[in-house]
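Q: Supplied in structure tokens, the structure appears directly below.
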Amino acid sequence: MVDVIVTSMDLTPYVETMRSHLLTAAAMGDEQARHTARLLADALEPGARLALTNALTAFAAEVTAAWGAGSVEIRMRSGEPEVVVTAEAVTAATADEAFVNIDADGEAGAARVSLRMPEAVKSAAETRANESALSLNAWLTRTIAGALSRVPQPPAPPGPPPPPGRRLSGYHRS
């Protein structure tokens, strides 16, 4: 298993967006409503950070369950959540698992494929096969099996929401 820190997330833009929405809604009220909204906005930050962290943790658990090739975790560092992806390491043994059904003759479950490729690609593949002390067929089979067993990349974390009142929608034709 290999830990890769994808990103340390700053929750401030999300909390500021919620604060701004609250103050915008209160702007239509009288001075007492605006003052109360400012007090609520200040008190909102710790609860909002906790709620956002809980939502990120639930999201990470759903990604981990759907992904199946590692895990996604939310860890706290200096009061901010950090997204950590733990991926299964791809090894030669992992790639060789594709060969478990091959018998002593090396033919059980084997399928014949006719493959056309540019001569330069064939030459490069033959060179790699020779360097690995394998036949071209064995090298191609291992390379394809290894590519098929690689760990898929997890989805990127979402970006911060747009500030209120500055949202654009539609399209532009150039």
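Q: Report whether or not residue 44 is over 30 Å from residue 86 (Cβ atoms), part of a helix (DSSP H, G or I) and touching a residue at least 24 places away in the same chain (Cβ under 8 Å). Please lay out each step first, then the result.
A: Working: over 30 Å from residue 86 (Cβ atoms): yes; part of a helix (DSSP H, G or I): yes; touching a residue at least 24 places away in the same chain (Cβ under 8 Å): yes.
Against the criterion (over 30 Å from residue 86 (Cβ atoms), part of a helix (DSSP H, G or I) and touching a residue at least 24 places away in the same chain (Cβ under 8 Å)), residue 44 qualifies.
Q: Does residue 26 meet the test of being of a type in the set (A, V, I, L, M) and either crowded, with 16+ Cβ neighbours inside 10 Å or touching a helix residue (DSSP H, G or I) at 6+ places or on another chain (Cβ under 6 Å) (or both)?
A: Working: of a type in the set (A, V, I, L, M): yes; either crowded, with 16+ Cβ neighbours inside 10 Å or touching a helix residue (DSSP H, G or I) at 6+ places or on another chain (Cβ under 6 Å) (or both): yes.
Yes, satisfied.
Q: What are the residues in the stretch 46-56 that are more than 11 Å from residue 15 (Cα to Cα) and either surrounded by 14 or more Cβ atoms within 10 Å (Cβ to Cβ) or not assigned by TED's automatic domain parsing to the domain that holds residue 8 (or both), if any?
A: Of all residues in the stretch 46-56, those more than 11 Å from residue 15 (Cα to Cα) come to 53-56.
Those that are more than 11 Å from residue 15 (Cα to Cα) and either surrounded by 14 or more Cβ atoms within 10 Å (Cβ to Cβ) or not assigned by TED's automatic domain parsing to the domain that holds residue 8 (or both): 53, 56.
Q: Something else about it: Output the residues belonging to the stretch 67-119 that are small (Gly, Ala, Ser), at pLDDT 80 or above and not in a loop (DSSP other than H, G, I, E, B).
A: 71, the sole residue that qualifies.
The values are calculated or read from the model by the stated rules, or taken from the named source; none is laboratory data. All values derive from a computational prediction rather than experimental measurement. With ideal geometry, Cβ positions are generated from the backbone for all residues, glycine too; neighbour counts draw on all protein chains shown.
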